[in-house]
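*Asks:* Quick one: this structure, given as structure tokens, is what I'll be asking you about.
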Amino acid sequence: MVAVTFYDEKSKATLASIPKWRRLMRKHRSDGLRLIVVAKSVGGRCDEPPFRPDAVVCDTGGLAKVYGAQ
């Protein structure tokens, strides 16, 4: 199973969700759960999440906007 979340270091909702993602990953990684983080790009630089997902994708083309995660 793959979970995808959006990351914006200035978003209170994003920062509040980090402990939940960490717990979910600890609990289910051995069951095959993988986490992909779509990080917000600002000025050509992508936010780096303060945890280690399986992959980080830099959103330079408005992916978050398409999915309503601005």
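The values are calculated or read from the model by the stated rules, or taken from the named source; none is laboratory data. None of these values were measured; they are calculated from a predicted model. Cβ placement follows ideal geometry from the backbone for every residue including glycine, while neighbour counts extend to all protein chains displayed. For the accessible areas, the whole protein counts, side chains as well, though only heavy atoms, and no ligand, DNA or RNA atoms are used. Shrake-Rupley method; radii C 1.70, N 1.55, O 1.52, S 1.80 Å.
*Asks:* Keeping to pairs on different chains or 8 or more places apart, tell me how many lysine pairs in the chain have Cα atoms under 16 Å apart.
*Replies:* Value for the chain: 5.
*Asks:* Please report, for the Cα atoms of the chain, the Rg to one decimal and the Dmax as a whole number; what are they, in angstrom?
*Replies:* Cα-based Rg and Dmax for the chain come out at 12.0, 37 Å.
*Asks:* Net charge near Arg52: determine it from the other residues with C-beta under 13 Å of the C-beta of Arg52, scoring Lys and Arg +1 and Asp and Glu -1.
*Replies:* Net charge in that neighbourhood comes out at +2.
*Asks:* Using the Cα centre of the chain as the reference point, and only Cβ charges (+1 on K/R, -1 on D/E), how large is the resulting charge dipole? Debye, rounded to the nearest 20.
*Replies:* 320 debye
*Asks:* For the chain, what is the accessible area per residue in Å² when the probe is 1.4 Å?
*Replies:* On a per-residue basis, 70 Å².
*Asks:* Can you give the % of DSSP beta bridges in the chain that are antiparallel, to the nearest 5?
*Replies:* In the chain, DSSP labels about 15 percent of beta bridges as antiparallel.
*Asks:* Amide H of Ala3 versus every other amide H placed in the peptide plane: which residues, excluding those fewer than 5 positions away on the same chain, fall under 5 Å?
*Replies:* Long-range HN contacts for Ala3: Arg34, Leu35, Ile36.
*Asks:* Within region 1-17, name every residue whose backbone N is under 18 Å away from a label modeled 7 Å from Cα of Asp31 along the Cβ vector.
*Replies:* Backbone N within reach: 1-5.
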